[in-house]
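Note sheet for the following structure.
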Amino acid sequence: MTDWLPELVADWGVAVIALTTFLSCLALPVPASLVMLTGGAFTASGDLPLISVALAALVGAVLGDQVGYMLGVRGRAALEARLTRKPRQAALMERARALIERRGGIGVFLSRWLVSPLGPWVNFAAGAAAMRRPRFTAWAIAGECVWVAIYVGLGRVFAQNLGAVAELASDISGILAGAVVAGALGLWLRAAMRAEKRRKDGH
């Protein structure tokens, strides 16, 4: 676990937790999960109030989701132009679109916590696809509540073993994201094969 995180959270408290979850929902490389784990650990020692830590993380995440959604709505063309120069990010965006197309609101919910690496891209994709904002918001808030509860809760319960918990949580998140990607590719491949078979049968 990053050594400077406890000091950062101790110095800035809930403000840094809210800012980190906000930025993470915009696909910026900040350690939001680790910050929430650290915040949870500080609640166990009594240095930070549990309600304040959880609310800060939740408010930051929800605001980040809303900004990401609006960027997708208003900057679709600019976003797509930028992604053409960044193949890895373009691939993440395509996976996010596929998740929304297959699962809709449930996809937004699951991308908050179960496959959180796709979360920011689902925000952009939901806005670009003109998903109804109230529907997006409701599913996103529900998912963020689960995300915050998991990481703050783990930090509180396992305050003495944060490093091991952080590594385990990171591994699980990566495995689940990989499984979703593999599933999406499998479905795409199956659809492509069926389309090709129909085309041949039509001739």
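Which members of region 137-152 meet the condition of being crowded, with 24+ Cβ neighbours inside 10 Å and closer than 16 Å to residue 73 by Cβ?
Correct list: 140 only.
List the number of the failed condition for residue 26; all other conditions in (1) in contact with a Cys (Cβ under 9 Å, 6 or more places away or on another chain); (2) surrounded by fewer than 22 Cβ atoms within 10 Å (Cβ to Cβ) hold.
(1)
Collect the residues in region 128-163 that are modelled with pLDDT of 90 or more and in a loop (DSSP other than H, G, I, E, B), keeping them in residue-number order.
Hits for region 128-163 are 131, 132.
Do any helices (runs of 4 or more DSSP H) entirely within region 1-111 hold 2 or more residues that are closer than 19 Å to residue 150 by Cβ, and if so, which?
Per the criteria, 5-12, 14-24, 32-45, 50-74.
Taking the condition under 27 Å from residue 15 (Cβ atoms), surrounded by fewer than 17 Cβ atoms within 10 Å (Cβ to Cβ) and small (Gly, Ala, Ser), does residue 46 pass?
yes
The values are calculated or read from the model by the stated rules, or taken from the named source; none is laboratory data. Quantities reported herein were computed from a predicted structural model and do not represent experimental measurements. Cβ atoms come from the backbone with ideal geometry, glycine included; neighbour counts cover every protein chain shown.
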